Every structure is written in C-alpha cells, then in structure tokens.
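Below is the structure I would like to discuss, written out as structure tokens.
The values are calculated or read from the model by the stated rules, or taken from the named source; none is laboratory data. Predicted model only: the values in this text are computed from it and were never measured. Cβ atoms come from the backbone with ideal geometry, glycine included; neighbour counts cover every protein chain shown. Only protein heavy atoms, including side chains, enter the accessible area calculation; ligands, DNA and RNA are left aside. Shrake-Rupley method; radii C 1.70, N 1.55, O 1.52, S 1.80 Å.
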Amino acid sequence: MEYLLALPISIISFGLQVWPRLSNRYFGIDIWRHLTVAGHYREQRRGQAKPFNRYLIDLPSDYPPGLRVLLSLIPTSFLHRIQWLVAPIIDSVHNILLFVLAVAITGNIGAGLVAQAAYMLAPLVVMENSSLSTRPLASLLFTATMAANLAFHSSNVWAWIILSIPAAALLFLTHRMALQALFVTSIALSILLFTPYYVLVFAGGWTLALLVSRGAYWHVFRGHMAMLWWWRANIHNRYAHQIRGVPKASEQSGDAVFKIYQIVRRLPLLAVLAANPFICFAIVVTCSLAFNMGLIKTVIFETELNFLLIWTLSLFVVGIAIRQLHAIEWLGEGERYGEYGAFPTAIITGVLITETTDELKWVGLGVFVVVALGAGLIPSVALQRRVIVGDSSRSLTPDLQIIMDTLNNRQTEARLMTIPLSLADFALYFSSAKVLSTDSSFGHLQHYSDFFPVLRVPINVIFRRFDINLLLINESYVSLDELGLGSAPIEKRSGPFCLVNVDQQQVKNS
C-alpha cells in the first residue's frame, strides 16, 4: 500500500507536462512523422497498405520502429485525439517506477518522494515530454535495463541477464541516442566495477535486437552510423538558418528556440547543468564518499549508491565533453545524455536529503527547495510558456491548417519543398502532398547536404532535381525575395505561411 504514495506527485508531474498543451494540442515536429508511419504499419497489418511513397527522397526507412509499432496498435482517430497525452502518460509510469525503486533501495518513503520531485522538476524531463517523441519510451526502457543491471550489481546473480538483455534489445529498437547513452554507462560500469557483465548486456541486447527483428535491426544500426557520419560532416551548421547560415552571436530573433540555441553556443556547459540542476546533489554525494566527509549516515545501501553515481556521472561527464569539445560534438547534444541520468540523479538527491546527518538535514532540504524552484519549476514553466503556449512556428495553427487544406484540395499531385524543413512533417501528416524529406539516414548522406542544414545551391536546382512544383515557406523565417522568387505566383497565403507555385516552367532561373 505504501507505493500508492507515489500517485500524488506522479499526477502533479503529469499536470505540469500537460498544462501548456491544453491551449496548443498540435505542438511538435517529429510527432507527425511518427503518426504517419504508425498509420502505415496499421494498414500493413490489415493487408491494406500500399507502398509508402510520400517522401520525394524515397529510400527505405532506417528509423528504430519500436514506438511507431506501439502507436500502430491504437485506433487512428483515438490516437489523433490523445497524441498530446501519450508522452506524459509514459513519463508518469516512469515517475512511479522511480518511487518504487528509491524506496526499495533506501527503505525510506521520504527518499522516494524527494526523488519523484527532483525528477519531475528537471527542466529537460519537462520539455522532453512536451510532444510525442521516442525519448520518453526510450528513457523508460533505459531505466528498465539499468534497474536489471543494478539488481545484478546488488546480488551478483547472473540470472538478471535474462531481463537485462531483452530490455536493452527493446531499447535499441526504439531510440538511437539511447544506444549511445547505454554504451557510455556500460563501459563505465564494467571498468569501474571490474566486471564484463554490463558490456555483455550491451552486446547481448544488440544481438537480440538483430535476431527478434529477423535482421532488420542491421539496417537500423547502419542508418544510425550513417546519421552520425552525416552530422560529423555538417555539425558546424547545427544551429544554422537554412538560408542565411550560422547566425552571428549578436543576431537577434523573436524565436524562443533560436534564443536558447544562442545561449547554448556561448555557454555549452550551462546547457548540461541547466537541463538537470539536481546533478549538483550527485556531485556533493560523490565528494562526501570520496573524501569521507560523512554527509550520508547509512552504508546499508552503499553498493547501490555507488552504481547510481557511476550511472549518473558517466553520462554527465560525457555530456559536458561533447558540449565542450568540437571534435566530438557530432555525437549528440550533451544534455541529451543527461536525460538518461535524470532517474539515478533523482534517487541520489533523495538519499542526500533524507539520509544526511540531523544537523544538515534542514540545510539540505532548504537547498533542495531553492534548486527545485529557482532552477527547476520556474525555468520549466517559463520555457513551456515561451516554447509551447506561445508557439506559432512548430505547431499546427489555423493559418497552417488553411495551407494544408489548400494542398488537399489540389487536383494535381503536390510535390512540396518546405522552408524551414520542419514544415514537411506537418504536410506529411495533415496533407496528401509528397514532401522533400526522408526517413532514411542514407537519404541524408546522399541528398540532404545541398539544401539542409543550409541551402548551398540555387533553389531552382533543387526544384529541378526533385521535380518540385510547390514551395511552402514561413515568411517570418525567410522571404520570397530572399529566395529570388519574388515574382513566383502565390497559390495561397495565410498568416506567415505562403504556398508558392514553383513549377519550373513558371519560375525564372536565378
């Protein structure tokens, strides 16, 4: 019955993640791609699917299929109505699991409640669940894998490999970044705890993913490597404007996400710390154990605590290294690694606050409240208001819906390019147009570099290469004159969105 105490904070966490979506149900980018492919999987199961040919770069998808397969089990109309709730629901389950594991380790309900609060208020956790992506499910599967690994560490019973390997296999079939994060933690744990177990789990999970997918995972894995290679060549343009290139440090913009990127460029270490400020408690506990400061009263669960610290700090250190060192920044956004360390960081925070000496307990609680409010709740709500509630460029707005209706009402096939590229995912789901995009990493390698992240050739070259007849732009992002298309005929203009007829017979070469 004590585990029912996890419900109140889990419900509050759900509310914290959901409230901005009450006024903006159609926020997000990747979500529309996932829902479109999930619909295709659903039709395949029923024997109704035609070949998927909605991408103008028509190469086989190499994206991990796990979430999409799961979504395909939900009826189409119902999934459309509840898509904005799926990620918070998954994370609520994760939050409850956190309480259960924290109490199981410490025997202290207070530690479980503090851990829940710390996890709930980490800004990265809040924002990652703002729209439906693979990350919430991958994070839950990552925790399941590591929980089984922790059970082995505590008991030294190799039978736990029976659970660890299948959990890792599901993880690899769900998300790419999770594989990189698990690789980091597996290496760190095996080296520091002097056992090959964790590396064997990683290798076993990879092999099982290959077996259960009947070899299909090999294509996914090769796509993963191809995507890393593509970013290695294009990482200098990660924060570039698609037309203007990398912005100057002094350049101003009204776009909230652009401003965040500018801050990250100037202060990369801050991005990792701000994503989960509770990492400071893990650092304090590490120092206490390393220098025998005696901040933690009990040593009953020191074995588990050491495991949690290695899990947390290995991801934190690698995240900082990737953000700071240009030579490896193509391995992903550093704070994304920290996302997979939010779970153990929360438990460590709960341990420090509840298991410290009596003299320091109130001091620790006070510091926790300050961090929770000043670096957790307030920044999270501020980000939600700026990035989600007030968004007009990454959401299906009434203006954008009018453009989608125009595309659907065309008598001839729409072959669509979008600027920015993110608009292609909306067109993929909400219209019948074929879009200049791909679900293939090899498609990125072979075709993207001329127009994304930065347009490198005259735009008419792209039109001819892919037989584009329509261009959709956000005029708050780029103007027609800037593209050299000021005289092109307008099919529809709605708010900041402009649908342009760029049939090559009607557009003069730049």
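Scan Phe14, Phe52 and give me the residue that is out of contact with any Lys or Arg (no Cβ under 9 Å at 6 or more places or on another chain) and not in a helix (DSSP H, G or I). Full working, then the answer.
Values: Phe14 fails: not in a helix (DSSP H, G or I).
Phe52 is the lone residue from the list that is out of contact with any Lys or Arg (no Cβ under 9 Å at 6 or more places or on another chain) and not in a helix (DSSP H, G or I).
Report yes if some residue within region 200-212 is over 25 Å from Thr349 (Cα atoms), β-branched (Val, Ile, Thr) and open to solvent by less than 10 Å² (accessible area, probe 1.4 Å); otherwise report no.
Yes, region 200-212 contains a residue that is over 25 Å from Thr349 (Cα atoms), β-branched (Val, Ile, Thr) and open to solvent by less than 10 Å² (accessible area, probe 1.4 Å).
Condition first: of a type in the set (A, V, I, L, M), farther than 30 Å from Val114 by Cβ and either within 24 Å of the chain's Cα centre (by Cα) or crowded, with 17+ Cβ neighbours inside 10 Å (or both). Now tell me which residues in region 5-57 satisfy that. Step through it out loud before you land on a result.
Quick first cut of region 5-57, residues of a type in the set (A, V, I, L, M) only: 5-7, 9, 11-12, 16, 18, 22, 29, 31, 35, 37-38, 49, 56-57.
Filter once more, so that each one left must be farther than 30 Å from Val114 by Cβ: 29, 31, 35, 37-38, 49, 56-57.
Result: Ile29, Ile31, Leu35, Val37, Ala38, Leu56, Ile57.
Which of the following residues is free of Cβ contacts under 8 Å to residues at least 12 places away in the same chain and within 25 Å of the chain's Cα centre (by Cα): Pro60, Pro88, Pro75? Spell out the reasoning first.
Numbers: Pro60 fails: free of Cβ contacts under 8 Å to residues at least 12 places away in the same chain; Pro88 fails: free of Cβ contacts under 8 Å to residues at least 12 places away in the same chain.
Step by step, each of Pro60, Pro88, Pro75 is checked, and only Pro75 is free of Cβ contacts under 8 Å to residues at least 12 places away in the same chain and within 25 Å of the chain's Cα centre (by Cα).
Return a yes/no flag: does region 131-143 have any residue that is in a helix (DSSP H, G or I) and more than 28 Å from Trp206 (Cα to Cα). Steps first, please.
Here is the first cut: in region 131-143, the residues in a helix (DSSP H, G or I) are 135-143.
Remaining after also requiring more than 28 Å from Trp206 (Cα to Cα): none.
Looking through region 131-143, none of the residues is in a helix (DSSP H, G or I) and more than 28 Å from Trp206 (Cα to Cα).
If you don't mind, there's one more thing I want to ask. Within region 481-498, track down each residue that is at pLDDT 95 or above and either buried (at least 21 other Cβ atoms within 10 Å of the Cβ) or in contact with a Gly (Cβ under 6 Å, 6 or more places away or on another chain) (or both).
Phe497, Cys498
Starting from residues that are assigned to a loop (DSSP other than H, G, I, E, B) and among the hydroxyl-bearing types (Ser, Thr, Tyr), keep the ones in region 390-418 and report whichever is surrounded by the fewest Cβ atoms within 10 Å (Cβ to Cβ).
Thr412
Scanning for something more than 30 Å from Leu22 (Cα to Cα), open to solvent by 30 Å² or more (accessible area, probe 1.4 Å) and of a type outside the set (Lys, Arg), does region 420-433 turn up at least one residue? Can you show your working first?
In the first step, residues of region 420-433 are kept if they are more than 30 Å from Leu22 (Cα to Cα); the result is none.
Looking through region 420-433, none of the residues is more than 30 Å from Leu22 (Cα to Cα), open to solvent by 30 Å² or more (accessible area, probe 1.4 Å) and of a type outside the set (Lys, Arg).
Taking only region 152-187 into account, find how many residues are open to solvent by 20 Å² or more (accessible area, probe 1.4 Å), under 24 Å from Ile300 (Cα atoms) and assigned to a helix (DSSP H, G or I).
Adding up the residues that qualify gives 6.
Whether any residue in region 77-89 is assigned to a helix (DSSP H, G or I), buried (at least 21 other Cβ atoms within 10 Å of the Cβ) and among the aromatic types (Phe, Trp, Tyr) is what I want to check.
Within region 77-89, one or more residues are assigned to a helix (DSSP H, G or I), buried (at least 21 other Cβ atoms within 10 Å of the Cβ) and among the aromatic types (Phe, Trp, Tyr).
What tally of residues in region 305-346 results from selecting those that are closer than 15 Å to Phe183 by Cβ, aliphatic (A, V, I, L, M) and open to solvent by 10 Å² or more (accessible area, probe 1.4 Å)?
6
Can you spot a residue in region 34-45 that is part of a loop (DSSP other than H, G, I, E, B) and among the charged types (D, E, K, R)?
If we filter region 34-45 for residues that are part of a loop (DSSP other than H, G, I, E, B), which is where we start, we get none.
Looking through region 34-45, none of the residues is part of a loop (DSSP other than H, G, I, E, B) and among the charged types (D, E, K, R).
Of all residues in region 108-126, which are open to solvent by 10 Å² or more (accessible area, probe 1.4 Å) and more than 16 Å from Ala375 (Cα to Cα)?
Of everything in region 108-126, those that are open to solvent by 10 Å² or more (accessible area, probe 1.4 Å) and more than 16 Å from Ala375 (Cα to Cα) turn out to be Asn108, Ile109, Gly110, Leu113.
Next question. Pairs needed: first member in region 327-355, farther than 26 Å from Leu295 by Cβ; second member anywhere, among the aromatic types (Phe, Trp, Tyr) and open to solvent by 10 Å² or more (accessible area, probe 1.4 Å); C-beta distance under 6 Å; at least 6 residues apart or different chains.
Correct list of pairs: Trp330/Trp231.
Also: Just to check your reading of the model, which residue among Ala148, Ala144 is open to solvent by 40 Å² or more (accessible area, probe 1.4 Å) and either in contact with a Lys or Arg (Cβ under 6 Å, 6 or more places away or on another chain) or not aromatic (Phe, Trp, Tyr) (or both)?
On the way: Ala148 fails: open to solvent by 40 Å² or more (accessible area, probe 1.4 Å).
From the options Ala148, Ala144, the qualifying one is Ala144.
Could I ask something else about it? Would you check which residues across region 220-231 are open to solvent by less than 60 Å² (accessible area, probe 1.4 Å) and either more than 18 Å from the chain's Cα centre (by Cα) or over 20 Å from Glu339 (Cβ atoms) (or both) and list them?
Going through region 220-231, the residues open to solvent by less than 60 Å² (accessible area, probe 1.4 Å) turn out to be 220-221, 223-224, 226-228, 230.
Hits for region 220-231 are Val220, Phe221, Gly223, Ala226, Trp230.
Between a residue in region 38-54 that is under 15 Å from Pro75 (Cα atoms) and any residue that is of a type in the set (Ser, Thr, Tyr) and part of a helix (DSSP H, G or I), which pairs come within a Cβ distance under 9 Å, given they are 6 or more apart or on different chains?
Cβ pairs passing all conditions: Ala38/Thr76; Gly39/Thr76; Gly39/Tyr429; Arg42/Thr76.
Which of the residues spanning region 282-304 are over 14 Å from Gly338 (Cα atoms), part of a helix (DSSP H, G or I) and open to solvent by less than 30 Å² (accessible area, probe 1.4 Å)?
Passing the criteria: Val285, Ser288.
Would you be able to say whether some residue in region 240-255 is surrounded by 18 or more Cβ atoms within 10 Å (Cβ to Cβ), at pLDDT 60 or above and either farther than 19 Å from Gly332 by Cβ or out of contact with any Ser or Thr (no Cβ under 7 Å at 6 or more places or on another chain) (or both)?
Yes; the residues of region 240-255 include at least one that is surrounded by 18 or more Cβ atoms within 10 Å (Cβ to Cβ), at pLDDT 60 or above and either farther than 19 Å from Gly332 by Cβ or out of contact with any Ser or Thr (no Cβ under 7 Å at 6 or more places or on another chain) (or both).
Further question: Please go through region 188-223 and pick out each residue that is among the hydroxyl-bearing types (Ser, Thr, Tyr) and not in a helix (DSSP H, G or I).
Once the filter is applied, which keeps residues that are among the hydroxyl-bearing types (Ser, Thr, Tyr) and not in a helix (DSSP H, G or I), region 188-223 yields Thr195, Ser213.
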